[in-house]
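Scroll down for the structure; my scribbles are underneath it.
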Amino acid sequence: MYQNMIQMKSPFVYGKVASESSFTDREKDCASLVQDFINLTNTIIISPRRWGKSSLVRRAGEEASQKDKHLRVCHLDIFNVRNEDEFYEKLAKTIIQGTSSPFEDFFSTALKYAASLVPTISAGDMVNTIKLEFKVKDFHRNADDILDMAEKIAEEKNLHIVVCIDEFQQIANFSDPLAFQAKLRSHWQLHSRVAYCLYGSRRHMMIEVFSNKERPFYQFGKTIFLKKIDARLWPAFIADKFKGTQKSITQEQCERIVELTDNNPYYIQRLSEEVWNITDDTCHDNYIQEAFETIVQEQADLNLSLTQTLTITQQNLLNAIAHGEKELSSASVIAKYDLKSNVAVQRAKSVLIKMDIIDNFEKRITIEDPIYAYWLREIYFYA
Ligand SMILES: Nc1ncnc2c1ncn2[C@@H]1O[C@H](COP(=O)(O)OP(=O)(O)OP(=O)(O)O)[C@@H](O)[C@H]1O
Ligand SMILES: [Mg+2]
């Protein structure tokens, strides 16, 4: 059954942005975000990890710029940006690259809109490519220029611009984050030709930045709580990918994949790939459990290290949730899982929410990562 493993590339995508044929559904979400981009409405997208925020924003950006020829959608990911200085550099670079089409334009645009930018040019990794970089001089003095650069470019070039910033919660880690956020907001709220789409994978931190009345970004834009992709759409998607690579899988087997992964798009694609890898031409029922166990094993070390950072009560609370308990503060659950007291349950719950391990999305407490939930229940706590 392993014969085909190396011959063909898997038709599934995980851990990267899902695009083109690997992107499925989200038609309503996408159409509505496209309209927000065209309307220049500021948007904030919040969801648990790996539900498809980054993929959706990319897709909506492509569609919106196809529909509106005056619209430029610029994407930056600030996951590794550690301070304001780096933020300005990355922002400036992304906006200039996203709005200056012919290459010659690049330097002049940089110099024109922000005298503090020093463009440098070097040979890129591939033949005939050129790498463009910026250094920001005296960024503190020139921050205002950079924060207004998109608006100025949009005015002069008669464009509309949407700036999409992924892992936006990262700004909460800068020194003096509230002053920085206040500065960003004071500029951005005056822009009439530029909108911002802000999103990130740390759900709890994003909610802190945008939903806390005391914070500068409170009510900055329309907040979108992304839902899961409709579970009923996945079997056809999975079966199609198998069929396109001369393999077959039944509807029930596809449904089992969706069920085991709790309809999490990342794990659906990952499990489908693992099943696809071990399927020669026809998928057998036992392949699904086998592939699932492989993924659980692959994640086991990570899950163990994470669990070891937690207190015993936090671990016990996870055990109760993994077993499907709903009344976490009831006397029977407290006794059964050794949770000590209601106060201890509340305390553990709030820490686990802050760590984005559990979620009270749509009034249901769940463990965010379905593989972690399974590992806790079936391996770690299995007596
Ligand atoms: N619309 C989609 N169609 C098919 N697969 C998808 C879709 N959206 C997401 N996925 C799957 O989920 C994975 C994670 O998607 P993505 O990175 O967009 O999520 P995210 O919410 O940005 O994640 P994170 O919270 O980690 O930043 C993708 O690699 C892909 O496997
Ligand atoms: Mg993402």
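The values are calculated or read from the model by the stated rules, or taken from the named source; none is laboratory data. All values reported here derive from a predicted model rather than from experimental measurement. All Cβ positions, even for glycine, are placed from backbone atoms using ideal geometry, and neighbour counts span all protein chains on display.
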*Going by the structure shown, is residue 179 without any contact (Cβ under 8 Å) to a residue 24 or more places away in the chain, away from ligand 1 (no atom under 16 Å from the Cβ), in the same structural domain as residue 92 (by TED's automatic domain parsing) and small (Gly, Ala, Ser)?*
yes
*asked:* With the requirement that a residue be within 19 Å of the chain's Cα centre (by Cα) and surrounded by fewer than 19 Cβ atoms within 10 Å (Cβ to Cβ), what does segment 30-46 give you?
replied: 31, 32
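Considering each of 70, 75 in turn, give the residue that is closer than 30 Å to residue 231 by Cα and at pLDDT 95 or above. First the steps, then the outcome.
Values: 70 fails: closer than 30 Å to residue 231 by Cα.
Result: 75 is the single residue among 70, 75 that is closer than 30 Å to residue 231 by Cα and at pLDDT 95 or above.
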*Which members of segment 13-27 meet the condition of being away from ligand 2 (no atom under 12 Å from the Cβ) and under 15 Å from the mean Cα position of the chain (by Cα)?*
13, 14, 19, 23, 26
*Hey, can you tell me all the residues within segment 47-79 that are under 15 Å from the mean Cα position of the chain (by Cα), more than 10 Å from ligand 1 (Cβ to nearest atom) and not in a helix (DSSP H, G or I)?*
75, 76, 78
_Single residue of segment 367-377 satisfying the filter (closer than 14 Å to residue 320 by Cα and in contact (Cβ under 8 Å) with a residue 60 or more places away in the chain) that is nearest to the chain's Cα centre (by Cα)_ = 372
*Filter segment 48-60 for residues that are farther than 17 Å from residue 20 by Cα and in contact with a strand residue (DSSP E or B) (Cβ under 7 Å, 6 or more places away or on another chain) and give the result.*
48
*Which ranges mark the helices (runs of 4 or more DSSP H) fully within segment 252-336 that have 3 or more residues being surrounded by 17 or more Cβ atoms within 10 Å (Cβ to Cβ), of a type in the set (Asp, Glu) and more than 27 Å from the chain's Cα centre (by Cα)?*
none
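Could you tell me which of the residues 240, 144 is among the acidic types (Asp, Glu) and within 30 Å of residue 258 (Cα to Cα)? Can you show your working first?
Values: 144 fails: within 30 Å of residue 258 (Cα to Cα).
Going through 240, 144 in turn, the sole match is 240.
Find the residue count for segment 45-82, including only residues that are over 14 Å from residue 159 (Cα atoms) and either among the aromatic types (Phe, Trp, Tyr) or more than 14 Å from ligand 2 (Cβ to nearest atom) (or both).
Taking segment 45-82 first, the residues over 14 Å from residue 159 (Cα atoms) are 45-63, 75-82.
Keeping just the survivors that are either among the aromatic types (Phe, Trp, Tyr) or more than 14 Å from ligand 2 (Cβ to nearest atom) (or both) gives 51, 62-63, 79, 81-82.
Count: 6.
For every residue, the table says whether it meets (1) on the phi > 0 side of the Ramachandran plot; (2) within 16 Å of ligand 1 (Cβ to nearest atom); (3) in contact with a strand residue (DSSP E or B) (Cβ under 8 Å, 6 or more places away or on another chain); (4) not polar (S, T, N, Q).
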site: 186; (1), (2), (3), (4): no, no, no, no
site: 194; (1), (2), (3), (4): no, no, yes, yes
site: 216; (1), (2), (3), (4): no, no, no, yes
site: 222; (1), (2), (3), (4): no, no, yes, yes
site: 251; (1), (2), (3), (4): no, no, no, no
site: 260; (1), (2), (3), (4): no, yes, no, yes
